[in-house]
Amino acid sequence: MTGSLSLFAKTIIEGAKDIGFTGPTTASNTTIANVLYPVYFWAGVAAVIVIVVAGFFFVSSHGDPALVTRAKSAIMGAVIGLAVIFLAFSITAIVIGVFN
């Protein structure tokens with residue numbers, strides 16, 4: 001099985017060379033950043049949307065304690081989420097900076 005896998009891999013590599021593929025053009029750190037940074041951005045956008053919607057629920061609750069509690073919980077969760085996103089972004093930036 002190993003011999004046939006090795007032959008398969010060699011065939012793929014030779015075929016890639018025939019069409020001019022030279023390998024990946026970016027470092028793995030850049031690839032990681034290109035994937036994670038948009039994820040952090042959209043997670044932040046989602047958290048801000050949750051804060052806005054929860055604020056609307058808070059204002060339109062008319063003093064109902066259950067709705068006020070629900071809105072406050074949503075706002076608190078979104079703020080904690082933003083803090084986690086910021087922390088993850090910071091850690092990613094530091095790690096990528098160290099390994100560059």
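Derivation of every value follows stated rules applied to the coordinates shown; laboratory data play no part. Just so we're clear, the structure is a prediction, and the values are computed from it rather than from any experiment. All Cβ positions, glycine included, derive from the backbone under ideal geometry; neighbour counts span all protein chains shown.
Points to keep in mind about this one:
- CD proxy at 222 nm, helix term only [per DSSP H run n ≥ 4: -39500 (n - 2.57); per residue of the chain; nearest 500]: -30000 deg cm²/dmol
- With R₀ fixed at 35 Å, the C-beta to C-beta distance from residue 11 to residue 36 puts the FRET efficiency at about 0.55.
- Listed candidates (i) 38, 24, 9; (ii) 49, 17, 12; (iii) 26, 17, 13 - label of the one calculated as semi-axes √(5λ) of the Cα gyration tensor in Å: (ii)
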